[in-house]
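The values are calculated or read from the model by the stated rules, or taken from the named source; none is laboratory data. Nothing here was measured: the structure is a model prediction, and the numbers come from that model. Here the Cβ positions follow ideal geometry from the backbone for every residue, glycine too, while neighbour counts run over all protein chains shown. Ligands, DNA and RNA are excluded from the accessible area calculation, which covers all protein heavy atoms including side chains. Shrake-Rupley method; radii C 1.70, N 1.55, O 1.52, S 1.80 Å.
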Amino acid sequence: MGHLNLPASKRNPRQWKLLDIITAIFFGLVLLFFLLVFTPLGDSMAASGRQALLLSTSDPRQRHRLVSLVELGHHHKPIEACPANSVDHMPCEDPRRNSQLSREMNLYRERHCPLPDEMPLCLIPPPPGYKIPVQWPESLHKIWHSNMPHNKIADRKGHQGWMKEQGPHFIFPGGGTMFPDGAAPYIEKLGQYIPLTGGTLRTALDMGCGVASFGGSLLSEGILALSFAPRDSHKAQIQFALERGIPAFVLMLGTRRLPFPAFAFDFIHCSRCLIPFTAYNATYFIEVDRLLRPGGYLVISGPPVQWPKQDKEWADLQAVARALCYELIAVDGNTVIWKKLDGDSCLPNQNEFGLGSCDESNDPSNAWYFKLRRCVTSTSSVNGEYPVGIIPKWPDRLTRAPSRALVVKNGIDLFRADTRRWTRRVAYYKNTLNLKLGSPAVRNVMDMNAFFGGFAAALVSDLVWVMNVVPARKPLTLGVIYDRGLIGVYHDWCEPFSTYPRTYDFIHVAGIESLIKLPGSSKSRCNLVDLMVEMDRMLRPEGTVVIRDSPEVIDKVARIAHAVRWTATINDKEPESHGREKILVATKTFWKLTSSH
């Protein structure tokens, strides 16, 4: 830097010219970066794909007209295809839009949905070369590369055994960052401390799951793990998990409760999930505590557990667990295992995190767009017998009426009647309607209006898993579903679901119109066209939809089915059922974009 002290006459003009050019380029790039990241110009440039997606329905009046024409059956052509760059589009997890939001507590990586009039009214196409997915259980170990031609994870994580490209397939050796040699030896190690066999543990939550090899490996132990991760730099990790046939969901632990009821999971697992459990006065640890069943197990593997240069974080993590009176089962290398108390938390009056019990008026199972609370859920705030060790073992718990069924009037009687009804209905689906349930063609199933999970329970002998969705404006029965040993989430069907396109083989909905109505009213909050376009987005080509409702609603659904390119038939309900229901069975046609798109 000595040349800066030379008199002006001695400076080399050629050097200054070069330096000026370099400096100008640098500041120009910085200015361009700020324009792209922090201004509408950058948003519009970066979001050109999204703008193209919205182009056909950018005028709300035009959109409303199109919806009306489709509902009346006067729109004789199929709804148009979305552009080719939308093959992996998730409307509520659009990184271009969300990047403009605050980084505080990962707000920008949570769900943020467009307004209904901003939603694209077009059908998501499959990627070029898409094939009908590899069937279960072969799909656990390999999938078609062309169905998700995203090599980023394989390139970055191949040495950790996540996944590798091999010919026309991606293969999954079963590894993860903390278990590069495969999940099996890691699970065997955990089994020394946790009862992973014998039916004591059934429902698990795998946080920050990667491609969900841990959850996939637990299936052979009879443990049903719901894996989640946000949409982030490891592109499509949840899409890979679902393509493999492993239960998974796009989700971020940020500013809101996760969309599950209190005391849902027998076992919660984090392997290098990078969740700062002790940040914000241990708010994230408290949320995990809300979800963990009394007597259940919490496993954290990776930082900060005995991790270099993270002594304080590790000490804080242990301090929170002590404040909640978790029993330390083991610290094995970089893995810690705790057991939650069977009864109420033993929170002392004073602790370094200022933790106290939640107000009894706070329903701990209310978890749809519900801000995180910095208070601990007491077991007395949820009626029922649900601790691990008291709740029946799997599979007995599937058919035993749980006391949480009393969340609705006459809940125990309703539970038993619902179980019998769905056993009868599913037999009719298979034997008379000849649906593919029970065949290798169906692995990932969704029930959009699950109530007590009776439909999923009737499929227990099939090689399927069911995402049971309890609509957020209906009675909060999701705790019953978890008490049965099944899994699911809360959701409002006037918004898109947090999954990638083409991730379900079979979608079932009883009472589809009730999903869009104001409770106790005939007014609609949204429309069936948007809902069925969303169902189409989630459904795999050649996948099946079953919709039960009144004849009038089914007629409307059939008109919309034609517009979304489904082939549909209308069937009578099973003879033993009362009421006026009809059943629409539809298949999503396997169409591809033409070269004009």
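Pairs meeting the criteria (first residue in the stretch 281-301 and open to solvent by 10 Å² or more (accessible area, probe 1.4 Å), second residue among the charged types (D, E, K, R), beta carbons under 7 Å, at least 6 apart or on different chains) are Asn281/Arg374; Tyr297/Lys339. The set of residues in the stretch 96-127 being closer than 30 Å to Leu66 by Cβ, in contact with a Leu (Cβ under 6 Å, 6 or more places away or on another chain) and assigned to a helix (DSSP H, G or I) is empty.
Residues Asp342, Asp316, Asp332: which one is at pLDDT below 90 and either farther than 19 Å from Cys270 by Cβ or surrounded by 14 or more Cβ atoms within 10 Å (Cβ to Cβ) (or both)? None of the others qualify; the one that does is Asp342.
Close contacts from the stretch 96-116, counting a first residue that is more than 19 Å from Leu372 (Cα to Cα) and a second that is modelled with pLDDT under 90, with Cβ to Cβ under 6 Å and a gap of 6+ residues or different chains, come to Arg96/Ala46; Arg96/Ala47; Arg96/Arg50. Condition check for Pro387 on (1) within 25 Å of Tyr193 (Cα to Cα); (2) open to solvent by 20 Å² or more (accessible area, probe 1.4 Å); (3) not assigned by the TED database to the domain that holds Trp307: one failure, at (2). Residue-level check: of (1) closer than 29 Å to Gly191 by Cβ; (2) touching a Leu at 6+ places or on another chain (Cβ under 7 Å), Glu385 misses just (2). Looking at this structure, is Ile132 open to solvent by 30 Å² or more (accessible area, probe 1.4 Å), in contact with a strand residue (DSSP E or B) (Cβ under 9 Å, 6 or more places away or on another chain), at pLDDT 90 or above and not acidic (Asp, Glu)? When the stated conditions are applied, Ile132 passes them. The one condition from (1) open to solvent by less than 20 Å² (accessible area, probe 1.4 Å); (2) modelled with pLDDT under 85 that Pro127 does not meet is (2). Inside the stretch 202-227, can you point out the residues that are on the phi > 0 side of the Ramachandran plot and modelled with pLDDT under 90? Correct list: Gly208, Gly210, Ala212.
Just one of the listed residues (Glu360, Glu327) is farther than 26 Å from Arg256 by Cβ and either of a type in the set (D, E, K, R) or modelled with pLDDT of 90 or more (or both), and it is Glu327. Among the residues of the stretch 213-232, the one identified as of a type in the set (S, T, N, Q), open to solvent by 10 Å² or more (accessible area, probe 1.4 Å) and touching a helix residue (DSSP H, G or I) at 6+ places or on another chain (Cβ under 8 Å) is Ser217. Does any residue of the stretch 403-411 turn out to be within 26 Å of Ser461 (Cα to Cα) and open to solvent by 30 Å² or more (accessible area, probe 1.4 Å)? Yes; the residues of the stretch 403-411 include at least one that is within 26 Å of Ser461 (Cα to Cα) and open to solvent by 30 Å² or more (accessible area, probe 1.4 Å). The numbered conditions (1) in contact with a strand residue (DSSP E or B) (Cβ under 7 Å, 6 or more places away or on another chain); (2) free of Cβ contacts under 8 Å to residues at least 12 places away in the same chain; (3) of a type in the set (Lys, Arg) are all true for Lys409 except (1). Taking strands (runs of 3 or more DSSP E) as the structural unit, those lying wholly within the stretch 454-572 and holding at least 2 residues that are open to solvent by less than 10 Å² (accessible area, probe 1.4 Å) and under 30 Å from Lys393 (Cα atoms) correspond to 465-471, 487-491, 504-510.
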